[in-house]
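Just so it is clear, none of the values below were taken in a lab; they were calculated from the coordinates. Everything quoted here is computed from the prediction, not taken from an experiment. No Cβ is skipped: glycine too gets one built from the backbone with ideal geometry, and neighbour counts run over all protein chains shown.
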Amino acid sequence: MKAHMWWWEARYYDASTGREAVVANELHIPTGVPVYLALTSADVIHTFWLPSLSGKVDMLPERLHGLTLRADRAGDYRGQCAEFCGAQHANMALRLTAQPPSDFANWFARQSRPAAAPPSASARIAQGQRSFVAARCVSCHAVRGLHEQPAPDAPKAPDLTHVGSRSTIAAGALPMNKGTLAAWIADPQAIKPGARMPGATVSAEQVSAIAEWLESLK
């Protein structure tokens, strides 16, 4: 797991199948079993803190710190960066969902797939995908299944392959829905001043279509 200014990146890998999944600002774990997290930072010092499940562990650039946690009760647990890391430190929340092992396996299977193609009947969602590419959102954001992907040295931003399945956006700053997605795309600085995402350079119509497409990526 890697901390960024000001969001969380979680990577899952199944060595037995080679399947991978990348999510942002949320963790899912199976209940009743120990789960090991390898923690690092992409920039400054952050601190991983899930008060109900673990103590605080620093996340340092170019170093790995390990943490093993276990949730015996299914449910949602709130986490937070606990080391001041800049202007939006207070808005760097994390949500952990603990679920029965079979539910976790189903979740991971869905998350490891590429994004679904827009339904042929939905011209609006197809327009949103085209606008996302045309606006060069793919310069920073990966969506597995799209031909266009960020360059290896591109600025890092959350993977959006299944962003519509998340409960929040902007590291817990907003609930997930089409309206909040459009507001975030149009002017992220109004919501999280200092965030490293620029405001939209496309029309309000295109912003709305992009938001509708992203919401469909379950």
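The ranking of Lys2, Lys56 by Cβ neighbour count inside 10 Å, starting from the fewest, reads Lys56, Lys2.
The calculated FRET efficiency for Asn106 paired with Ala126, based on their beta-carbon distance and R0 = 30 Å, is about 0.60.
What is the order of Thr201, Thr180, fewest Cβ neighbours within 10 Å to most? Could you put the intermediate results ahead of the total?
Values: Thr201 9, Thr180 18.
With the sparsest Cβ surroundings first, the list reads Thr201, Thr180.
The tail of the calculated P(r) for segment 2-111, taken as Cα-Cα distances beyond 18 Å, holds 48 percent of the pairs. Taking GluC sites (Glu not before Pro) across segment 20-125, the ones in a DSSP loop with at most 14 further Cβ atoms lying within 10 angstrom of their Cβ are Glu62. Over all orientations, segment 66-154 has a Cα convex hull whose mean projected area works out to 9.6 square nanometres.
Taking every eigenvalue of the Cα gyration tensor of the chain, multiplying by 5 and rooting it, what semi-axes result, largest first, whole Å?
Semi-axes from the Cα gyration tensor: 28, 21, 16 Å.
Over segment 123-215, the reciprocal of the mean inverse Cα-Cα separation, the Kirkwood hydrodynamic radius, stands at 13.3 Å. May I ask for the distance between the Cα centers of segment 139-218 and segment 60-124, given as a whole number of Å? For segment 139-218 versus segment 60-124, the Cα centre distance is 16 Å. Near Gln88, once Lys and Arg are set to +1 and Asp and Glu to -1 for all other residues with Cβ below 12 Å from its Cβ, the sum equals +2.
For a quick check of your reading of the filter: which GluC sites (Glu not before Pro) in segment 115-218 sit in a DSSP loop and have no more than 13 other Cβ atoms within 10 Å?
When the GluC sites (Glu not before Pro) of segment 115-218 are filtered for loop state and at most 13 Cβ neighbours within 10 Å, Glu148 remain.
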